[in-house]
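> Would you mind keeping the following structure in view while I ask a few things?
The values are calculated or read from the model by the stated rules, or taken from the named source; none is laboratory data. Just so you know, these numbers come straight off a predicted model, no measurement behind them. Ideal geometry is used to build each Cβ from the backbone, glycine not excepted, and the neighbour counts take in all protein chains shown. Surface accessibility is based on the protein's heavy atoms, side chains included, excluding ligands, DNA and RNA. Shrake-Rupley method; radii C 1.70, N 1.55, O 1.52, S 1.80 Å.
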Amino acid sequence: MSVRHLLGVRRLDTIQIQELIEVSAEFRRRMKAGEALPQFPGKVAGLLFFEGSTRTRVSFERAAFALGIQVTNFTGQGSSMAKGETLRDTILTLRQELLDTIVVRHPSCGSPQLVADFFRRPVINAGDGEHEHPTQALGDALTILLRKGRIQGLTVAIVGDVMHSRVARSNAWLLSKLGAKVRFVGPNTLLPSNCALLPGEPYFKLSEGLEGADVVMCLRLQKERMAQGLLSSIGEYRRLYQVNERTLRPAAKDVIVMHPGPINRGVELDDATADGPRSVILDQVESAVYTRAAVLFWALGGDPDAVLDGATSVFEEAEA
Ligand code: ASP
């Protein structure tokens, strides 16, 4: 069996994506029913986070606990990387320390591939720069399926700082592979210049981008990745692109509102919408636990067929 890395969504085919979502849904059912998940005694996962994280790191830990996997945490600060050790040497060290899998978040696009090349055991990308965040997109797809009953044929508007967002890229790839129509909505300066290479249509006016949308996915303004001059002011951005009760009017009546967190409250999203009935933001957090369990299970050689034998398909359930 070849090593099972999850480095991005772009290279996954639809069948693989559906299978991971099905396993996530089945793990959700089992965890809610108090049933045990398959166990991996003696396995150790290294969580390497070179950027801040609340949701992703904790949900990987929570998922690992559910699978009986031990976790060791590693950050750049306080490690030998602060003394100048390279990423390559760090990974070779961790390989020698008998870790079974690595979950890595890093500010540089493509670094999980480098980790995979040296680690040669399963590597899971937990967000690399502006590139991809595959487990976020898998969890978001599960959230949409649970709320809307389908993904095929939905119009999904991804709003805001698409240029710097790995969440936008992974979701665009994943949701379009599952048959959604994706729109990128934002100012010209925050939509990628190579938008045509991504599976989505650009919209520069919020009202047009939200027209008839079934799902509105808000993005945080990623100030840490932003060159100066991309925005004239936060106030102007808020006035033209904030998702709120008023600007959501052109969207479908049963629109759901998503945000990967952390939210800049009052900037890309107002409080009433973030905390209101259309918001599925906290559901996204929960779905990601099941998804990360599914990905760890798969990466460590678990057999999806064995889990799904006799389970109800979340896709078929949705169609029924
Ligand atoms: N938490 C998400 C990420 O790590 C979104 C964000 O930071 O805005 O990409």
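> On the accessible surface of the stretch 1-47, probed at 1.4 Å, how many percent belong to carbon and sulfur atoms? Can you show the working numbers first?
Numbers: 1240 of 2510 Å².
In the stretch 1-47, the share of accessible area belonging to carbon and sulfur is 49 percent.
> With every atom except the alpha carbons ignored, what do you get for Rg and Dmax of the stretch 24-100, in angstroms?
Considering the stretch 24-100 through its Cα atoms, Rg and Dmax are 15.1, 48 Å.
> Still on this structure: For the stretch 210-320, what % of the accessible area comes from carbon and sulfur atoms, probe 1.4 Å? All intermediate terms of the calculation are to be shown ahead of the outcome.
Values: 2500 of 5170 Å².
Roughly 48 percent of what the probe reaches on the stretch 210-320 is carbon or sulfur.
> Now for a different question. Ignoring solvent entirely, what values of log10 I(q)/I(0) come out of the Debye formula for the stretch 119-203 at 0.26 Å⁻¹ when each Cα is a single scatterer?
Each listed q maps to, in turn, -1.29.
> Give LYS181/LYS205; LYS148/LYS223; LYS32/LYS148; LYS148/LYS181 a once-over and call out the pairs whose C-alpha atoms are over 24 Å from each other.
On the way: LYS181/LYS205 17 Å; LYS148/LYS223 32 Å; LYS32/LYS148 20 Å; LYS148/LYS181 15 Å.
With Cα atoms farther than 24 Å apart: LYS148/LYS223.
> Now for a different question. Once each part is reduced to its C-alpha centroid, what is the distance from the stretch 96-158 to the stretch 264-320 in angstrom?
Each part reduced to its Cα centre gives a spacing of 13 Å.
> Given the rule -39500 (n - 2.57) for each run of at least 4 DSSP H residues, summed and divided by the residues of the chain, what is its mean residue ellipticity at 222 nm, to the nearest 500 deg cm²/dmol? Walk me through the intermediate numbers first.
Working: 12 runs with 124 residues, N = 320.
Calculated at 222 nm, the ellipticity per residue is -11500 deg cm²/dmol.
> May I pose another question? Compute the Cα gyration tensor for the chain, then decide on rounded, prolate or oblate, letting a ≥ b ≥ c be the square roots of its eigenvalues: rounded whenever a/c is under 1.5, prolate when a/b is larger than b/c in the other cases, and oblate in all that remain. Show your work: numbers first, answer last.
On the way: a/c = 1.97, a/b = 1.28, b/c = 1.54.
Since a/c reaches 1.5 but b/c is at least a/b, the shape of the chain is classed as oblate.
> Would you mind checking the radius of gyration and Dmax of the stretch 153-214 based on alpha-carbon positions, in Å?
When restricted to the Cα atoms of the stretch 153-214, Rg and Dmax are 10.4, 29 Å.
> So if each residue of separation counts as 0.36 nm, and I subtract the Cα-Cα distance between ALA272 and THR72, what length gain in nm does that give?
68.1 nm
> Let me ask you something else. Using only the alpha carbons of the stretch 232-303, determine the length spanned along each of the three principal axes and report them from longest to shortest in whole angstroms.
Cα extents, longest axis first: 49, 31, 17 Å.
> Lys and Arg at +1, Asp and Glu at -1: add these up for the other residues within a Cβ distance under 11 Å of LYS148 and post the number. Display every interim value, and only then the final one.
Working: positive: ARG147, ARG150; negative: ASP214, ASP254.
Surrounding charge for LYS148 is 0.
> Of ASN125, THR93, PRO112, which is farthest along the charge dipole of the stretch 86-137 in the positive direction, counting Lys and Arg as +1 and Asp and Glu as -1 at C-beta?
THR93
> ARG55 versus THR14, label points 7 Å from Cα toward the beta carbon: distance in nm?
Rounded to a tenth, the inter-label distance reads 2.7 nm.
> Would you mind checking the tilt of helix 14-32 against the longest principal axis of the Cα atoms of the chain, expressed as 0 to 90 degrees and rounded to 10?
Taking Cα atoms only, the helix is inclined about 80 degrees.
> Follow-up. Return the distance in nm (one decimal) between the two label points of a simple spin-label model at VAL3 and ILE263, each offset 7 Å from Cα along Cα→Cβ.
4.0
> Going from the alpha-carbon gyration tensor of the stretch 178-238, what semi-axes, largest first and in whole Å, does one get by taking the root of 5 times each eigenvalue?
Values: eigenvalues 94, 41, 22 Å².
Semi-axes (√(5λ), whole Å): 22, 14, 11.
> For the stretch 55-154, what mean projected area does the convex hull of the alpha carbons give, in nm²? Could you put the intermediate results ahead of the total?
Numbers: hull surface 31.7 nm².
Mean orientational projected area (the stretch 55-154, Cα hull): 7.9 nm².
> Grab the Cα-Cα distance for ARG150 and ASP117, subtract it from 0.36 nm times how many residues apart they are, and report the gain in nm with one decimal.
Numbers: separation 33, 0.36 × 33 = 11.88 nm, distance 3.66 nm.
Gain on extension, ARG150 to ASP117, equals 8.2 nm.
> A further question follows. I need the calculated FRET efficiency for the pair ASP89 and ARG239, taking r as the beta carbon distance and R₀ as 51 Å, to the nearest 0.05.
0.55
> Let me ask something additional. Given a 1.4 Å probe, how much area per residue of the chain is accessible, in Å²?
Numbers: 13980 Å² over 320 residues.
It amounts to 44 Å² per residue over the chain.
> Further, regarding this structure: Please get the size of the charge dipole for the chain, origin at its Cα centre, with Cβ charges of +1 on Lys and Arg and -1 on Asp and Glu, quoted in debye to the nearest 20.
Numbers: 37 positive and 37 negative charges, 103 e Å.
Using only the charged Cβ atoms, the result is roughly 500 debye.
> Another question, if that's okay. Once both axes come from the Cα atoms, what is the angle between helix 55-66 and the longest principal axis of the chain, in degrees from 0 to 90, rounded to 10?
Value to nearest ten degrees: 40.
> Using the Cβ atoms and a cut-off under 12 Å, what net charge is assigned to the surroundings of LEU67, where Lys and Arg are +1 and Asp and Glu are -1? Intermediate values should be presented prior to the final figure.
Values: positive: ARG30, LYS43, ARG62, ARG292; negative: GLU61, ASP100.
So the surrounding residues net to +2.
> Rounded to the nearest 5, what % of the DSSP beta bridges within the chain are antiparallel ones?
On the way: 1 of 35 bridges.
Antiparallel bridges: around 5 percent, rounded to the nearest 5.
> Could you calculate, for the stretch 203-245, the ratio of the Cα radius of gyration to the Kirkwood radius, expressed as Rg to Rh? Let's see the in-between values first.
Working: Rg = 11.8 Å, Rh = 12.0 Å.
Using Cα coordinates only, the ratio equals 0.99.
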